[in-house]
Amino acid sequence: MKKFISKIFLFLLLFAFVSLSASALFFYKIAPQYETGYNASILDKSARLKSIDGSKIVLIGDSNVSFGFQSELIEQAYGIPVVNMGLHGGLGNAFHEEMAKINVHEGDIYVICHHTFADNGKIDDTELAWITLENHFDLWNLPSAQDIPGMAKALPSYMKKAFVLWAKDIINPESIESAANAEVATCYSRSAFNQYGDDVFPRENGTFTFTAQSVPKMNDTCINRLNRLNTYLTEHGAIMVVAGYPIGKGEFTPPEEEYVQFQQELSSRLDCPVISDYRDYFFDYEYFYNTELHLTNDGARLRTEQLIEDLENVIAPAD
């Protein structure tokens, strides 16, 4: 019996050694394979965030943020640097909120632009998380402890796909949606972003067709987490606020009164101010590019102008 247990122990030890060795080889020799994809824009966004030694305005949220602002206009209005950290809804609210803890300075203003406040605190697409983080170890603190099981499960699939790209010499595909075509730059490319972190791929005309809409929901998981983030930022001398997200205005838009009720409840439950009137973020359907959260160039300008006005509640415009 002792010999059997010893063999099992040695087998598990050998398996762990081989697994760790293979993973180390992969992350140091094969990864990264998605450095020109959309989610790799986090590398440039975080680099800009870390490079600013002083107060700044940081926009936090998913792709409604990356496709929704013209940050240069905000910077011109207030005379301080702006960083757009918007990325991808598949990563979840909590992942994006963790970005707010990168290089916090006194006087910073963090603008949370969620379109839902009823998440479970986890990363929805854990394979996408690997595509985003790859071997950029300084970003591995963004997932939470509760994401570890899901990411462990998704790791073999990510490694397999990355290995195939490496073996076929299809290095760094421009789009995670079409990894086989590395020559075509799209709005889902790292190259689509400017120095502020805005997705500036030409979006002249809206193509999205609305079929239904709903007012956001909220739960304790999200609200409590945001209040903890507010405490963290406040202790570091920063200010956190919540601003509106783009809402389609048309046939399927819920009554304004429902948004008023939602905003009142949100304001009562958050420790930080909600600086926007959500009704000010109603934009005609023609301003939505390819999803109900992605704005055209003109839509992004209109939303930016509204946020500039909203921010006057917390910061004085530049002279």
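How big is the range 28-311 on each of its three principal axes, counting only the C-alpha atoms and giving the largest first in Å?
55, 43, 37
With both bridge residues required to lie in the chain, what share of the DSSP beta bridges run antiparallel, to the nearest 5%? Intermediate results must be reported in sequence, preceding the final value.
Values: 3 of 19 bridges.
So the antiparallel bridges amount to about 15 percent of the total.
If the chain between Glu265 and Asn205 were fully stretched, how many nm would it gain, using 0.36 nm times the residue separation less the Cα-Cα distance? Provide the component values of the computation, followed by the final result.
Values: separation 60, 0.36 × 60 = 21.60 nm, distance 3.51 nm.
Computed gain between Glu265 and Asn205 is 18.1 nm.
Which of Ile148, Ile80 comes first, and how do the rest follow, when ranked by fewest Cβ neighbours within 10 Å? Write down the numbers at each step before the final one.
Numbers: Ile148 11, Ile80 17.
Lowest count first: Ile148, Ile80.
Can you list the residues, at least 5 places off or on another chain, whose amide H is less than 5 Å from the amide H of Asp108, using H built in the peptide plane?
Excluding prolines and chain starts, which carry no amide H, the hits are Lys56, Ile239.
Quickly estimate the mean residue ellipticity at 222 nm for the chain, helices only: each DSSP H run with n ≥ 4 gives -39500 (n - 2.57), and the total goes over all residues, rounded to 500. Kindly include the intermediate steps, with their values, before the conclusion.
Details: 10 runs with 127 residues, N = 319.
That calculation yields -12500 deg cm²/dmol at 222 nm.
What ranking do 201-210, 242-251 get when scored by the average of other Cβ atoms within 10 Å per residue, highest first? Working shown, then result.
On the way: 201-210: 13.8, 242-251: 19.9.
Descending mean neighbour count gives 242-251, 201-210.
When only C-alpha pairs under 8 Å and at least 6 residues apart count, what is the relative contact order of the chain, in percent? Mind showing how you got there, number by number?
Working: 564 pairs, mean separation 76.0, N = 319.
For the chain, the relative contact order is 24 percent.
Every number in this text was worked out from the coordinates using simple rules, so none of it is lab data. The structure presented is a predicted model; accordingly, all values stated were derived computationally and were not measured. With ideal geometry, Cβ positions are generated from the backbone for all residues, glycine too; neighbour counts draw on all protein chains shown.
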